[in-house]
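Shown next, in structure tokens, is the structure this report addresses.
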Amino acid sequence: MKMVWRLLVYMFFISFTSDQFIRAQDYTDYVPPAPPPEEENCDGIFVSYTFISRQKEFPHVKNASAQAWAFKAMATVLNAGTFELKAWKIFIGFQHDEILVSAGGAVVMNGDDMPAAVGNGTYLSGFPQTDLKTSIETAGDLTQIEVQIPITGTQFGVKPPGVPMPRTISLANDGYKCPKPTVKKTAMHVCCTRKPKFKVKTESTKFLPRQYGDLSFVYDIIQAYDGNYLAQVTIENNHPLGRLDHWNLTWEWMRGEFINTMRGAYTHKIDSTDCIYGAAGQYYKGLDFSQVMNCEKNPIIGDLPSEKAKDDKVGFIPHCCRNGSLLPTIMDQTKSKAAFQLQVYKIPPDMNRTVLFPPQKWKIVGVLNPDYKCGPPIRVDPTEFPDASGLLQVTSSAIASWQVTCNITRPKKRNSRCCVSYSAYYNDSVIPCNTCACGCDDTETCNPNIPSMLLPSEALLVPFENRTAKAKAWAKLKHLNVPSPLPCGDNCGVSINWHINSDYKTGWTARITLFNWEEIIFEDWFVAVEMKKAFLGYENIYSFNGTVLKDINNTLFFQGLPGLNYLMGEVNGSDPKSDPKVPGKQQSVISFKKKLTPGIKIVQGDGFPSKLYFNGEECSLPTEFPIGDGNRYRVNLVPVILLTLVTSMLMTNHLH
């Protein structure tokens, strides 16, 4: 009887574990399925995705949609065509709140570190094997024409026997088209073919052409030795409204490299610990690591101040040392570029001078600037440099060059860094910045989900924490509701007030006021205002320099005049113990004509911007406009009807 009981328990255990799928299957045990017939007939790039296994993760919960499952899968990219595939990249349309933990032989293209949330899909690019040659030129060598990407991650909500498959897969390279993939229970595949009209590059080069991006980096190897090389990094701002202040750049070394010295920039942390206790310390036993600049896998690099531009040890690099300022070309062409050099040491097995790999996962941020998403480094034609002295008509070429392109991403709701308030001469209440316009970290004492309270105009001059009494008093005066708890603040470093100053028969005026609630000073600041209905009527701005940008969505570009190009930081009040802090301010009046904008209705909101940018960052706009006393939406019909009835009765009695 005991043996029978043990057998039943064993059979139950086997049955239970089989329901959880394979719990410990490794990729070394993975045997790829036989290739489908479509692969044999594919004349292009064959992309496939195969689900391998999964197991339940802790914590175990009853809610199936909240249960986490660790999964394994294999993605494959095969060049079955006649053209070499440069810098391959694929899209996997994950759809089950997946978190990507690893992807062997590939990196996430937007530079996100793993684990990365990819529930809306993600783009992967190759590293270290970035290119896939053709079977013709390699005699069918699979190691050169195919790449396999073992994937591990976490997904939610699909319990057995369901299989958590992506919604789609495709090749993301230009010049290819992909039909809808063929889907089976645990696999999907697609054959992507080259577009017939896609122009093949005819120059005598084996690298991809350079791409346009809002911001671009070029990583040039200008000297190479056994074991180390000298690289130059050039940053170019290509977007007319893009900008960086006090930029910080980071990337990830993928093969154990470290930075020995730098010119034109510096790392925020000077530390050799990772080298001494790592593979570099075991190989470079005679190297004095106390003189090494940085051994971090993800160094953070910043620009040097202008005082270091002509320093013999760290300066004398063209376009270096501007304290991290990268301006749009419309402001200053010479200040739209930055550059620095670094000496990089390698470790085995990459000691040959021709074995060169750029760092991956590039990210750059500024202070109150737009967010940039950067792609992977792409090998391009070597950069050509003119003679440094300018005396000879000769050029020199880099040994190898890679380009990284980055594009501005629009800030998500409640993730801006600046905000706008609205006011007008025909309404004495100010519509302040949106609640949590720039995020809310602490919501225990305030409500993040209700609109901000109307304010008197003088309240804009004090920090949010000093506005409570003014907001409550104004609500009492205007017979407005006072919510409990009160709405949270905007939490923005810079706020901008747009005020309708006047409205007359032939024109109208607005006043723009900038408030800096940060302690830092913004040098060479700018504001860009998109005016959908009023753009053509722009006449002049009186305290700033104004430029009309017709090619950029009807945008007006404002910057400080000489001597007014500094937006000062927040300072203490006259009496720091009792007076609130005072923001840095800049202000100007803007005039508009109505001749070219017939039918414009200022009181109904046509005089307010549709978008507003400060230093390239798109600011949060209010969701409503101030309402004029004569606006038809404010008219109360009850007194009008009563007055009409009384008048009618009086007239009737008079006639009788």
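Table for the structure above
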| read-out | value |
| --- | --- |
| Solvent-accessible surface (1.4 angstrom probe) belonging to residue 627, in square angstrom, nearest 10 | 70 Å² |
| Where labels lie 7 Å past Cα in the beta-carbon direction, separation of residue 163 and residue 261 in nm | 5.8 nm |
| The range 484-594: C-alpha pair distances exceeding 22 Å, % | 43 percent |
| Flagged links, alpha-carbon separation over 28 Å, of 478/532; 361/412; 412/505; 335/361; 206/297; 470/533 | 478/532; 412/505; 206/297; 470/533 |
| Contour excess over end-to-end distance, with Cα ends at residue 223 and residue 458 and 0.36 nm allotted per residue | 78.5 nm |
| Cα-based reach from residue 550 at 12 Å (exclusive), listing aspartates and glutamates while leaving out same-chain residues under 8 positions away | 530 |
| Table column - 3J(HN,Hα) (Hz), the range 404-411, Karplus curve with 6.51, -1.76, 1.60, x for Gly and Pro | 10, 10, 10, 10, 6, 10, 6, x |
| At R0 = 45 Å, FRET efficiency that the Cβ-Cβ distance of residue 428 and residue 43 yields, to 0.05 | 0.05 |
| Over 19 Å (Cα to Cα) - which of 373/413; 86/337; 337/585 fall in this group | 86/337; 337/585 |
| Nearest-0.05 FRET efficiency for residue 334 and residue 561, computed from C-beta distance (R0 22 Å) | 0.70 |
| Segment residue 117-residue 277, extension gain: residue separation times 0.36 nm, minus the distance between their alpha carbons | 54.4 nm |
| Bridge type composition, the chain - antiparallel percent by DSSP, nearest 5 | 95 percent |
| Amide N of the range 330-344 lying under 11 Å from the label point, which is placed 7 angstrom from the Cα of residue 298 along Cα→Cβ | none |
| Residue-normalised accessible area of the range 252-373, expressed per residue, 1.4 Å probe, Å² | 49 Å² |
| Set of aspartates and glutamates near residue 594 by C-alpha distance (under 17 Å), chain-local residues within fewer than 8 positions excluded | 503, 539, 606 |
| Residue-level accessible surface for residue 538, protein heavy atoms, 1.4 Å, Å² | 40 Å² |
| Convex hull of Cα atoms in the range 109-200, direction-averaged projection (nm²) | 8.2 nm² |
| Cβ-derived FRET efficiency at R0 41 Å, residue 63 paired with residue 134, nearest 0.05 | 0.25 |
| Accessible area expressed per residue, the range 376-415, with surrounding protein chains retained (probe 1.4 Å, Å²) | 66 Å² |
| Surface share of carbon and sulfur [accessible, 1.4 angstrom probe, percent] for the chain | 55 percent |
| List 189, 479, 96, ordered by accessible area with a 1.4 Å probe, largest first | 479, 96, 189 |
| Nearest-10 value in Å² for the accessible area of residue 99, using the 1.4 Å probe | 60 Å² |
| Stretchable slack from residue 238 to residue 623, in nm (0.36 nm times residue separation minus alpha-carbon distance) | 135.5 nm |
| Residue 210-residue 391 pseudo-label distance in nm [points 7 Å out on the Cα-to-Cβ vector] | 2.8 nm |
| Cα-based reach from residue 184 at 26 Å (exclusive), listing lysines while leaving out same-chain residues under 8 positions away | 56, 72, 89, 159 |
| Karplus 3J(HN,Hα) series, Hz, for the range 359-364 with 6.51 cos²θ - 1.76 cosθ + 1.60 (x for Gly, Pro) | x, 10, 6, 6, 9, 9 |
| Projected label distance in nm at residue 185 and residue 536, using a 7 Å step from Cα toward the beta-carbon | 6.5 nm |
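The values are calculated or read from the model by the stated rules, or taken from the named source; none is laboratory data. Since the model is a prediction, treat every value here as computed from it, not as a measurement. Cβ: placed from backbone, ideal geometry, glycine included. Neighbour counts: every protein chain shown. These accessible areas exclude ligands, DNA and RNA; they are computed on the full protein's heavy atoms, side chains included. Shrake-Rupley method; radii C 1.70, N 1.55, O 1.52, S 1.80 Å.
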